[in-house]
Amino acid sequence: MMGHAHGKKKRKRMPLWKRVTLNLAALVVLAFAVAPFWIADTPEIFDESRSLHEALGAADADGKFVVAVVTADFCLRCQLYKRGALADPRVKEWIDAYAETAYVKWPFESDAMKQLQTRSFPMTVVMRNDEVISKKHGGMSAEELLYFLHESTASGSKTAQGL
């Protein structure tokens, strides 16, 4: 007899550290494969190259508000918000008429996030003259966003009530 009752060799288990490492590597590969489909395009109303500081300067010069959106690539609600309300033509029309925009992307713009007093996303912030007027955490539908913008700007501009 050979030492095994049934003639089967006992399988040697892979060490835990190797299994964890292989699983993490598989997740990284999967993330890179899915990322192009997961991450929504930047909505047309935002210029990614424009900083919050630049948007505030342009808004002051034109007598407009600033609508800043804080987002992150890994955030599912951010991606849905970008594909939905932030891409809606009615929102674009309101923004074009009454506001400048700032697209604040985590982790690249931590100074802007401090100025906006936020650590979460998505976050929509309405500002005027370097001052936060209102902010709302979470994604919204186009109707909810337009309502939020109207309410946020009601005391600051009678013309922003339009649309």
task: Report P(r) for the range 52-161: all Cα-Cα distances, bin width 5 Å, range 0 to the bin holding the largest distance, values in whole percent.
output: 2, 13, 25, 26, 21, 10, 2, 0
Ascending count of other beta-carbon atoms within 10 Å, so fewest first, for Glu48, Glu144, Glu109: Glu48, Glu144, Glu109
- line: The ³J(HN,Hα) series, computed from each phi in the range 147-153 with the Karplus coefficients 6.51, -1.76 and 1.60 at θ = phi - 60°, rounded to the nearest Hz and given as x for glycine or proline, is 4, 4, 5, 4, 5, 5, 9
- line: Quick note on Glu100, Glu44, ordering by fewest other C-beta atoms within 10 Å, gives Glu44, Glu100
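With a sphere of radius 10 Å drawn around the Cβ of Leu146, what net charge do the other residues whose Cβ falls strictly inside it have (Lys, Arg +1; Asp, Glu -1)?
Taking every other residue near Leu146 into account, the sum is -4.
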- request: Show the residues, 5+ positions off or on another chain, whose built amide H is closer than 5 Å to the amide H of Glu100.
  value: Phe65, Val66, Val67
Proxy reagent accessibility, fewest Cβ within 10 Å first, across Trp106, Trp17: Trp17, Trp106
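We did not get these values from a lab; they are worked out from the coordinates using the rules stated. Here the structure is a predicted model, which is why all the values come from computation and not from measurement. Note that each Cβ is placed from the backbone with ideal geometry, even for glycine, and that neighbours are counted across all protein chains shown.
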